[in-house]
Every structure is written in C-alpha cells, then in structure tokens.
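A.B. asks: Okay, here's the structure, questions in a sec.
The values are calculated or read from the model by the stated rules, or taken from the named source; none is laboratory data. What you see is a predicted model; the values in this text were computed from it and never measured. Neighbour counts run over all protein chains shown; Cβ positions are idealised from the backbone, glycine included.
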Amino acid sequence: MVTPWLEKNPRTAKGLKFGRDQQYVINPNGIAELCEELKQCPRHVPTPLVALPALAERLGLSEIRVKDESQRFGFGAFKALGGVIAVYNALSSAVGDAYHTNASFADVMNGRHKEVTRPFVFSTASSGNHGRSVAAGAKLFGNRCVIFLPKFTSAEKEAAIRARGAEVIRIDGDYDTAVAECKRRSQENGWAIISDTSWDGYDSAPRSVMRGYCVLAHEAVTQWQQAPTHVFVQAGVGGLAAAVIGYLWAVLPTRPTFVVVEPESADCWFQSNRVGKPTLASGNADTVMGGLACREISPITWPVVGEATDWFMTIEEDQVLPARRLLGHPLDGDAAIASGPSGCAGMAGLARVCTDEAAFKALKLDRHSRVLLINSEGNLGEEPA
C-alpha cells in the first residue's frame, strides 16, 4: 500500500487485452457513426477538450487536458448523453420489432413512428443529473417520464428535472432506496426503466447509457493529437468510468494508466478492488459529490473497471472546493472551467496525487506525463466560493 487512500489493482497486467467480456460492456464499434447521428439533434455539438498548461507546469506534468462536459447539450453534464441515447435505443428497438426496420434518430425525434413509441413511459432513479438526462430524452421524443429522487437531491436539480417535463417522486432514503422504489413502481405500472446501474437480469439499458458516454471519449481521442499517458476518472456506480476506460483501452495503441477516483464515504470501487469482486462502500455515501454518492457498483461494469483500472483512490470532502477553484479560477493563461462537486472529482484526485511524493512516484507521473480529466458536470447554479 502506497498510502491509505491509494491502492493498486492486483488484476491488471501490462499486456491486458480488451476481449469479449469487455466488448459486451463497451463496444467501440459504431461510436463514430453514433456521433454523426447526434448531429441531427439541434442542440448537440462536441464539447471542448481544454488545455491547462500553467496548471500542468505547476503540478510537474507535461500536459493536462479537461473534457468539459459542463457544455453538453446546453445541459450541464455528461449524463445528457446516456439518457438521451438510451431512450432513443429503447424506442428504435420497439420500432424495429414492429416493422423490422431501423429507425434513425431523426425518425424517432420527428415522431415518424408515434403509433409504436407514444405508449412508452420512462422511469429511473437518480441523484439528479441522470434523471435530467432521461427526462430530456423523453421530452425530445415526446414521452412521459417519472423520476425517483433520493432525499439528498438538491431543490435545484429537482427543478431542472421538472423543467424538462418529468414527474418527480421524492424518496425518503438514499440512492439505493430510490432504485428499489423505482423498480417496484415501474413493474407495477409497466414503465420502461432507463437505469445507469445494472442488476440481475437487467443490463440492456445500462449498456445503452454507457454507449452514449462513449461519445465523449471518442471526441477526446479525435480532439487530442497525442494520446494521454494517464486518465483520472471519477466513479459512482461505474458507468462513466467504464465508458472512458473501455473505449480508450479498445482504441488507443497503448493503454494509459487509469485511475478511478471516489469520495471517501462512497468508496464502493475502492473496497471492491480490495476484495476482488463487487462489494459495498465502507461509508454511508453522505457526500457533497451527489453524482458519486453510491454504495454499490453496477455489476456489469466490473469486467472493464474492475479489470483495467490500474489504481483506485479516494478523496476527502475538503478537497472538493479547492479543486473547483483550480478549475474555475485558474492560473494565469489557463481557461476557466465551471465545475460542480462531482465534476471536479478527477481534478481533486490529480491534485491529491501530485502533492504526495510517494503517490506521484507510484503512478509514474513526471514531466512527460499527459493527463486526461473529465469535468463531468458544471456548477449547475452553484458558483465555487
């Protein structure tokens, strides 16, 4: 152990291959074509990959690039990709079953097959951003949507979900309680669940959600002429981490060093790495990083995140605000990036490693390192103090 908050994955190996188990979770084929289809959506443009040369110099690195998802769809978070794509996939599959034909994004968006798609009611449990995404997808395609929110979800995020036409049901409990109630009521009412976490017998929608997230990884590869040597990516249940790690592992000639970052109280991946299989977090997931407040991983993501992550680490609550300030009030010459508590988690992880000599050396970071971060959400109405 290098330090109590950073542990190596004993399952990784230098020649680790992206195989069939991984491709079932993250299939890189067709992602470029999916990006072309998304151009049919009037609000879609690729998000920027922002260079932070002054910060890289300060931290002793060659380059830092931040994929800024605060600008996705005018939505403010990467999760816009997951919900919209998963809703589209559910509707297009239904059209395919009915007519044995492919329904394009534009076809479904313009209501060409309403006789098939109109009856769908979509539901999900969410701490905020995923719910907004599913709501946005349902609104885009003209469907009813019901979102189950755990107790800690902010009033601002609830209002943003309602603004997209969804019904909201508040649950007096945590995220996992909201998931259970969503499953119960959806089964009773025949609603289609678009979850970003999997369970026994349910993995199609989570795989569709992650396929949407692969869009940002594909964009990053095309935007950066040089491949990253290190990738710091935050994890809740594991959907974003699986998409980023899986896609880059599959398409880059050399696999980067992957580092998964979690809140100390929601360390389900950190603990799962220790025991070598999915297990619960050590804490109660009470964290300001609401998008990462998960006590259980999504089991389907294990073949990618559990096998290919090189290092798992945790961050403390008091490291969030400094990371938001680093991005929002940058060093001279660097661009400002609006980031929320979950969005800056990768930055907080990088800063923690770069200010700890043993951790810095263990990850083989140096003046030649090129680091990719994901700003997974904007400040969503909250400015960093």
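A.B. asks: Based on what the data block shows, is K67 in a strand (DSSP E or B) and either more than 22 Å from the chain's Cα centre (by Cα) or among the charged types (D, E, K, R) (or both)?
C.D. replies: Against the criterion (in a strand (DSSP E or B) and either more than 22 Å from the chain's Cα centre (by Cα) or among the charged types (D, E, K, R) (or both)), K67 qualifies.
A.B. asks: For the stretch 357-383, how many residues are in a loop (DSSP other than H, G, I, E, B) and either of a type in the set (S, T, Y) or modelled with pLDDT of 95 or more (or both)?
C.D. replies: 8
A.B. asks: crowded, with 23+ Cβ neighbours inside 10 Å, under 18 Å from the mean Cα position of the chain (by Cα) and over 29 Å from K14 (Cβ atoms): which single residue out of A205, A243 fits that description? Give the derivation first.
C.D. replies: Working: A243 fails: over 29 Å from K14 (Cβ atoms).
So the residue among A205, A243 that is crowded, with 23+ Cβ neighbours inside 10 Å, under 18 Å from the mean Cα position of the chain (by Cα) and over 29 Å from K14 (Cβ atoms) is A205.
A.B. asks: Please work out which residue is surrounded by the fewest Cβ atoms within 10 Å (Cβ to Cβ), limiting yourself to the stretch 273-303 and to residues that are part of a helix (DSSP H, G or I) and over 14 Å from the mean Cα position of the chain (by Cα).
C.D. replies: Going residue by residue through the stretch 273-303, those that are part of a helix (DSSP H, G or I) are 273-275, 290-292, 299-303.
From the residues that got through so far, the ones that are over 14 Å from the mean Cα position of the chain (by Cα) too are 273-275, 299-300, 302-303.
Working: N273: 22, R274: 14, V275: 8, P299: 19, I300: 24, W302: 19, P303: 19.
Here the answer is V275.
A.B. asks: Among the numbered criteria (1) modelled with pLDDT of 90 or more; (2) assigned to a helix (DSSP H, G or I), which one does V146 miss?
C.D. replies: It is condition (2) that V146 fails.
A.B. asks: Here is a further query. State which residue pairs qualify: first residue touching a residue at least 12 places away in the same chain (Cβ under 8 Å) and inside the stretch 1-28, second residue among the small types (G, A, S) and surrounded by fewer than 14 Cβ atoms within 10 Å (Cβ to Cβ) in any location, beta carbons under 9 Å apart, and separation of 6 or more residues or different chains.
C.D. replies: V2/A358; T3/A358; L6/A358; P10/G276; R11/G276
A.B. asks: Take the residues in the stretch 132-162 that are crowded, with 23+ Cβ neighbours inside 10 Å and among the hydroxyl-bearing types (S, T, Y), then tell me which one is farthest from the chain's Cα centre (by Cα).
C.D. replies: Step by step, filter the stretch 132-162, then rank; the result is T153.
A.B. asks: Shifting gears a bit: Restrict the check to the stretch 7-18 and report whether at least one residue is in a helix (DSSP H, G or I) and not aromatic (F, W, Y).
C.D. replies: Taking every residue of the stretch 7-18 in turn, none turns out to be in a helix (DSSP H, G or I) and not aromatic (F, W, Y).
A.B. asks: Can you go through S123, S186, S195, S127 and tell me which one is part of a loop (DSSP other than H, G, I, E, B), under 25 Å from the mean Cα position of the chain (by Cα), crowded, with 18+ Cβ neighbours inside 10 Å and at pLDDT 90 or above?
C.D. replies: When all the criteria are applied, what remains is S195.
A.B. asks: A further question on this structure: Test of understanding: among V116, V84, which residue is in a helix (DSSP H, G or I), of a type in the set (A, V, I, L, M) and surrounded by fewer than 22 Cβ atoms within 10 Å (Cβ to Cβ)?
C.D. replies: From the options V116, V84, the qualifying one is V116.
A.B. asks: Also, I was wondering about something else. Considering only residues that are assigned to a helix (DSSP H, G or I) and within 19 Å of the chain's Cα centre (by Cα), look in the stretch 19-31 and name the one that is farthest from V244 (Cα to Cα).
C.D. replies: Here is the first cut: in the stretch 19-31, the residues assigned to a helix (DSSP H, G or I) are 20-25, 31.
Now narrow it down to the ones that are within 19 Å of the chain's Cα centre (by Cα): 22-25, 31.
On the way: Q22: 12, Q23: 13, Y24: 15, V25: 12, I31: 13 Å.
Only one residue tops the list, namely Y24.
A.B. asks: I need a count of the residues in the stretch 165-185 that are among the charged types (D, E, K, R) and within 20 Å of A205 (Cβ to Cβ).
C.D. replies: 6
A.B. asks: In the list A77, A106, which residue meets the criterion of being in contact (Cβ under 8 Å) with a residue 60 or more places away in the chain and touching a Gly at 6+ places or on another chain (Cβ under 9 Å)?
C.D. replies: Details: A106 fails: touching a Gly at 6+ places or on another chain (Cβ under 9 Å).
Criteria check complete, one pass: A77.
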